[in-house]
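Input: a single structure, listed below in structure tokens.
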């Protein structure tokens, strides 16, 4: 059977839990790591959707300005794209509410919940369905610096790297992937800052000045 050549590429990654055969259960995510910055989005919309140059940039800047004001008191903003709300966290571990001070609370980010309308519009755009990424079929341990660098690039998602994802992309054992990432947090010019999120160690790229 000829291999499918259209559709959104996906890759399979291991979960911590194992199945009846003793192998890790799998989860799926898009294989494409392409990113568009605001200028790229604006250029694409100008070229292919007949928007005026700068329209989307101005619209997004306006949304950020207005939404940040409305959300500054804790309000949620609902749009046809989805809803936005401030996401709060506590510094340190606490069990006694009376011991939590105002200074223990900080803004951890923005929670975004996509609307059904947005999801349906995206679903309508995936005309050809899904197709499996070639790497799901045949994988080998990466050994050269170039291969490891490529695996590392693929592993930087959501602004950080996890050991599990790097190990999977590089075809390495978990301990070896951990040692490599730990080594990149040391020295005079470390590439990553190691941090703990819940029970998971994450490695955040250090931006060069």
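How big is the equivalent ellipsoid of region 1-73 along its three axes, where each semi-axis is √(5λ) from the Cα gyration tensor, reported in whole Å from largest to smallest?
Working: eigenvalues 301, 107, 11 Å².
After diagonalising the Cα gyration tensor, the semi-axes are 39, 23, 8 Å.
So what is the relative contact order of region 89-194, in percent, for Cα pairs below 8 Å that sit 6 or more residues apart?
After rounding, I find 14 percent.
For the residue pair residue 119 and residue 59, what label-to-label distance in nm results when each label sits 7 Å from Cα along the Cα-to-beta-carbon direction?
2.3 nm
Sort the chain into rounded, prolate or oblate with this rule: let a ≥ b ≥ c be the square roots of the eigenvalues of the Cα gyration tensor; rounded if a/c is under 1.5, and if a/c is not under 1.5, prolate when a/b is larger than b/c, oblate otherwise. Display every interim value, and only then the final one.
On the way: a/c = 1.63, a/b = 1.10, b/c = 1.49.
Oblate.
Over all directions, the average projected area of the alpha-carbon convex hull for region 95-209 comes to how many nm²? Don't jump to the answer; show the numbers that get you there.
Details: hull surface 50.7 nm².
Computed as one quarter of the Cα hull surface, the answer is 12.7 nm².
Highest mean first, how do 63-73, 93-103, 162-172 rank when packing is the count of other Cβ atoms within 10 Å averaged over residues? Mind showing how you got there, number by number?
Numbers: 63-73: 11.5, 93-103: 7.7, 162-172: 20.6.
Order by mean packing, descending: 162-172, 63-73, 93-103.
Please state the Cα pair-distance histogram of region 141-209 with 5 angstrom bins from zero: what percent is in each bin?
Reading the bins upward from 0: 3, 18, 30, 28, 15, 5, 1.
With each run of n ≥ 4 DSSP H residues scored as -39500 (n - 2.57), what mean residue ellipticity at 222 nm is computed for the chain after dividing by its residue count and rounding to the nearest 500 deg cm²/dmol?
For the chain, the value works out to -9500 deg cm²/dmol.
Place the peptides 77-87, 175-185 in order of packing, highest mean first, counting for every residue the other Cβ atoms within 10 Å and averaging per peptide. Intermediate results must be reported in sequence, preceding the final value.
On the way: 77-87: 13.9, 175-185: 16.2.
Per-residue mean Cβ counts within 10 Å order the peptides as 175-185, 77-87.
In percent, how large is the relative contact order of region 1-89, given Cα pairs closer than 8 Å and 6 or more residues apart?
Working: 68 pairs, mean separation 12.6, N = 89.
After rounding, I find 14 percent.
FYI, it's all coordinate maths here, none of it is from the lab. This structure is a prediction, so every number in the text was calculated from the model and none was measured. No Cβ is skipped: glycine too gets one built from the backbone with ideal geometry, and neighbour counts run over all protein chains shown.
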